[in-house]
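Notes for the one structure printed next.
The values are calculated or read from the model by the stated rules, or taken from the named source; none is laboratory data. Everything quoted here is computed from the prediction, not taken from an experiment. We place every Cβ from the backbone using ideal geometry, glycine too, and count neighbours over all the protein chains shown.
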Amino acid sequence: MARAAKIAMPAAYETRASALAGGLISYGADVGDAYRQAGFYAGRVLKGEKPADLPVVRVTKLELVINLKTAKALGLDLPAKILALADEVVE
């Protein structure tokens, strides 16, 4: 992230924390939701289900985070439609 900022290059990241720390944009799994799913799995195993019998579950909740402060520093004007689609806009 520091290198992208140093050379003023827009970059996209996978985790929400990256956008909050100064990255331009992130789009990826909602980590809290993934941990919740892991907890449900652990609960099922602790109740006696065999791990091999449990279905594979993919993350279903993705989140888009845009850092407007970084966009302005890079001289980017993001379309209102993109900002409206974002789960969170950091100003």
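Residues of region 14-44 being closer than 29 Å to Pro55 by Cα and in contact with a strand residue (DSSP E or B) (Cβ under 7 Å, 6 or more places away or on another chain), which ones? Result: Glu14, Thr15, Arg16, Ser26, Tyr27, Gly28, Ala29, Asp30.
Taking the chain and the helices (runs of 4 or more DSSP H) fully enclosed by it, the elements with 3 or more residues that are at pLDDT 90 or above are at 16-20, 31-46, 68-73, 80-85. Across region 46-65, which residue is farthest from Ala29 (Cα to Cα) among those that are surrounded by 11 or more Cβ atoms within 10 Å (Cβ to Cβ) and over 10 Å from the mean Cα position of the chain (by Cα)? Top of the filtered list is Glu49.
Answer yes or no: is there a residue in region 34-41 that is hydrophobic (A, V, I, L, M, F, W, C) and more than 28 Å from Pro10 (Cβ to Cβ). Yes: one or more hits.
Taking the conditions exactly as written (out of contact with any Asp or Glu (no Cβ under 7 Å at 6 or more places or on another chain), loosely packed, with under 12 Cβ neighbours inside 10 Å, more than 17 Å from Glu91 (Cβ to Cβ) and among the hydroxyl-bearing types (Ser, Thr, Tyr)), does Thr15 satisfy them or not? Considered against the rule, which asks whether it is out of contact with any Asp or Glu (no Cβ under 7 Å at 6 or more places or on another chain), loosely packed, with under 12 Cβ neighbours inside 10 Å, more than 17 Å from Glu91 (Cβ to Cβ) and among the hydroxyl-bearing types (Ser, Thr, Tyr), Thr15 comes out as no.
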